[in-house]
Amino acid sequence: MGDQLVRRAGRYVPLVKTPQTGLLVATGMAGYLTARCPVLDVPLLLGLFTSLLLSISGSTVLNMWWDRDIDAQMPRTRHRASASGQLDPGTVFRLGLLLSGLGLALAVFIEPLYGLVIFGGLFFDVVVYTIWLKRRTAWSIVWGGISGAMPILAGRTLGVGHVDLVGVLLGLGILFWIPTHIMTFNIRYAADYRAAGVPTFVSSYGVNFTRGAIAASSVLATVVMLLAGWRIGIEWHFWRVLGVLSLALILLAMVGLLWPSNRVNKALFKYASVYMLSSVTLMAL
């Protein structure tokens, strides 16, 4: 009986895309810590973590529920429990609603303005990006990027009590970073997206244009993150580390533009996540 429960639960865990969810939760926590470090209110920090984890997990599950038909057409995703029929779609939908609802309710209970930003992230992710635009235009990633920017803005907003310039800069840093993260993935799995009929920059504008967009987004992301670090007032040695990390991202993006290869594209995809996690950690410190 215990083994069966473990196996059943194991089919649900991938629905939340733990690496992606973990990175977004980390940005939200970092946004809070840029205003409230050292931490003096541990219960509030735990509430922040829980509300972020629940709401982000819930929106991800809802995305998986909605996209189960196109996931079934792509070799990379056809084995997902939501796409292969291992899980009942109704159950997946209810789980997504439950997680999202609990996360949003807790966020509103903690602080209404914080809850409003969390709601904005859910709305842009599930309704605007996934349901409305993902199957219609390659530019959907910009609107999806807004949802990705909301956790760090929410954390910062909770920390200072209002939406401020630093929070906006941090959110813009995530917004500009997301095309680098997503487009490198689009290049690697271009055939999958074509098979599912999902428009990407690769299919709409070509690989060369996409690599140029990746380079531009990398430059914009690093510039904005450096500005955010300056506005926060992080110590000079931390700011220098952030500068080195930013330069490495720009150089890797330029190598991908001028001397493209699958190896460079894969390295850029992986380093982009390392860069963002490292950057927000430096902000928090």
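Points worth noting:
- Portion, in percent, of the accessible area of the chain that falls on carbon or sulfur, probe 1.4 Å: 69 percent
- Kirkwood hydrodynamic radius of the stretch 135-194, Cα pairs, Å: 12.6 Å
- Anisotropy class of the stretch 1-157 from Cα gyration tensor, a/c 1.5 cut: oblate
- Nearest-10 value in Å² for the accessible area of Ile178, using the 1.4 Å probe: 20 Å²
- For the stretch 131-285, the fraction of alpha-carbon pairs in successive 5 Å shells from zero, as %: 2, 10, 19, 21, 18, 14, 9, 5, 2, 0
- Lys, Arg +1 and Asp, Glu -1 on Cβ, resulting dipole of the stretch 20-179 about Cα centre, debye, nearest 20: 400 debye
- Rolling a 1.4 angstrom probe over the protein heavy atoms with all chains in place gives the chain an accessible area of 47 Å² per residue.
- Relative packing of peptides 247-254, 24-31 - highest average C-beta neighbours within 10 Å first: 24-31, 247-254
- For the stretch 214-285, convex hull of alpha carbons as volume per residue, Å³: 64 Å³
- Phi to ³J(HN,Hα) by Karplus 6.51 cos²θ - 1.76 cosθ + 1.60 over the stretch 109-125, Hz, x for Gly, Pro: 5, 5, 6, x, 5, 4, x, 5, 5, 4, 4, x, x, 4, 5, 5, 6
- Extent along the principal axes, Cα only, for the chain: 52, 50, 35 Å, with the longest axis given first.
The values are calculated or read from the model by the stated rules, or taken from the named source; none is laboratory data. Values in this document were obtained by computation on a predicted structure and should not be read as measured data. Virtual Cβ from ideal backbone geometry, glycine too; neighbours counted across all protein chains shown. When the accessible area is computed, the model is the full protein with side chains, heavy atoms only, and any ligands, DNA or RNA have been set aside. Shrake-Rupley method; radii C 1.70, N 1.55, O 1.52, S 1.80 Å.
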